[in-house]
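Take a look at the structure below.
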Amino acid sequence: GQSLEQPSEVTAVEGAIVQINCTYQTSGFYGLSWYQQHDGGAPTFLSYNALDGLEETGRFSSFLSRSDSYGYLLLQELQMKDSASYFCAVQDAGNMLTFGGGTRLMVKP
Amino acid sequence: DGGITQSPKYLFRKEGQNVTLSCEQNLNHDAMYWYRQDPGQGLRLIYYSQIVNDFQKGDIAEGYSVSREKKESFPLTVTSAQKNPTAFYLCATTSGTKETQYFGPGTRLLVL
């Protein structure tokens, strides 16, 4: 089976940088994804890492270390609209996703 | 206008009643999924379908049923056997690469 750990809550100020960590235990690993979900809304895809290293998409970056079973999402130049829940998800060889419990990010002025 | 639609947005179930949640997509995606999300929690997989007329149980399939008669449609029935159905239900699809899941707007199910 799969299990993922991520912090339940993170607070940061507008303009700052925040890192959300995700560690996982898995019986079969294909890649690590990140999704953003605003209150009452649907999750939206942010990034995907299948190989070790950093993937950058605008203000958001995602990192993966397969040997450490660890990844993180880095959000730069935080804006108020970034206040949301962020989920890491492990993709297995059968293309199924197992989601972590989510990290609630609060951005303060 | 491509996308995933779910209806209704809110659904109320009486005890002992079966209810069906609709999920329709015009993205021409083969794979479709149903997730349940409880407040403050992550998403848990109920059922998934990789192709028409075929579907598989996910981690929490008990008390739920699905059908996949058409590529565009993957309805979920919450049966009376599901004793704690209050949750946010999300339908998703994936494209051929399967790296990205696209989610519908969700249906919030409440018990009267």
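The values are calculated or read from the model by the stated rules, or taken from the named source; none is laboratory data. It should be emphasised that the depicted structure is a prediction, and the values quoted were computed from it without experimental measurement. No Cβ is skipped: glycine too gets one built from the backbone with ideal geometry, and neighbour counts run over all protein chains shown. Only protein heavy atoms, including side chains, enter the accessible area calculation; ligands, DNA and RNA are left aside. Shrake-Rupley method; radii C 1.70, N 1.55, O 1.52, S 1.80 Å.
Ranking of B:GLU15, B:GLU72, A:GLU9 by solvent-accessible surface, largest first: B:GLU15, A:GLU9, B:GLU72 (1.4 Å probe, protein heavy atoms only, all chains present). Using the alpha carbons alone, the radius of gyration of the range B:30-91 stands to its Kirkwood radius in an Rg to Rh ratio of 0.96.
Buried area at the A:B interface is about 1400 square angstrom, summed over both chains, from accessible surfaces computed with a 1.4 angstrom probe. Of the peptides B:46-52, A:87-93, the ranking by mean beta-carbon count within 10 Å, highest at the top, reads A:87-93, B:46-52. Output the residues of the range B:30-45 meeting this criterion: accessible area (heavy atoms, 1.4 Å probe) in the chain alone minus accessible area with all protein chains in place is 50 Å² or greater. Buried by 50 Å² or more upon assembly, which counts only protein chains, are B:LEU43.
The H on the amide N of B:ARG13, modeled in the peptide plane, is under 5 Å from the matching H of B:LEU110, B:VAL111, B:LEU112, each at least 5 residues off or on a different chain.
Remind me, relative contact order of chain A in percent, using alpha carbon pairs under 8 angstrom and six or more residues apart? Value for chain A: 37 percent. Checking buried surface per residue: for the range A:63-109, which residues lose a minimum of 20 Å² accessible area in the protein assembly relative to the chain alone (1.4 Å probe)? Checking the loss per residue gives A:PHE87, A:GLN91, A:ASN95, A:MET96, A:LEU97, A:PHE99, A:GLY101. Using C-alpha pairs under 8 Å with a sequence gap of at least 6, the mean separation divided by the residue count of chain B gives a relative contact order of 34 percent. About the centre of its Cα atoms, chain B shows a dipole size close to 300 debye [charges on the beta carbon of Lys, Arg (+1) and Asp, Glu (-1) only; nearest 20 debye].
Taking the accessible area of the protein assembly as shown, probe 1.4 Å, and keeping the other protein chains in place, the carbon and sulfur fraction comes to 47%. Note on exposure: A:HIS38, B:HIS29 ranked by accessible area (1.4 Å probe, complete protein assembly) read A:HIS38, B:HIS29, with the most exposed listed first. For A:SER69, the shell of other residues with beta-carbons less than 15 Å away shows a net charge of -3, using +1 for Lys and Arg and -1 for Asp and Glu. Close amide H partners of A:MET106, meaning residues 5 or more places away or on another chain with modelled amide H under 5 Å apart, are A:VAL10, A:THR11, A:ALA12.
Ranking A:ALA42, B:SER7, A:GLY58 by Cα position along the charge dipole of the protein assembly as shown, where only Lys, Arg, Asp and Glu carry charges on their C-beta atoms, puts B:SER7 farthest toward the positive end.
When the inverse distances between all different Cα atoms of chain B are averaged and flipped, the Kirkwood radius reads 13.9 angstrom.
Counting Lys and Arg as +1 and Asp and Glu as -1 over every other residue whose Cβ lies under 10 Å from the Cβ of B:LYS83, the net charge comes to -2. Note on the protein assembly as shown: the alpha carbon radius of gyration divided by the globular reference 2.2 N^0.38 Å gives 1.02.
Couplings for the range B:70-82, taken from phi via the Karplus curve 6.51 cos²θ - 1.76 cosθ + 1.60 with θ = phi - 60°, read 10, 4, 7, 10, 8, x, 10, 9, 9, 8, 5, 6, 7 Hz in order; Gly and Pro are left as x. Under the convention that each Lys and Arg Cβ holds +1 and each Asp and Glu Cβ holds -1, the size of the dipole of the protein assembly as shown around its Cα centre is about 680 debye.
Accessible surface area normalised per residue over the protein assembly as shown is 48 Å², counting heavy atoms of protein chains with a 1.4 Å rolling probe.
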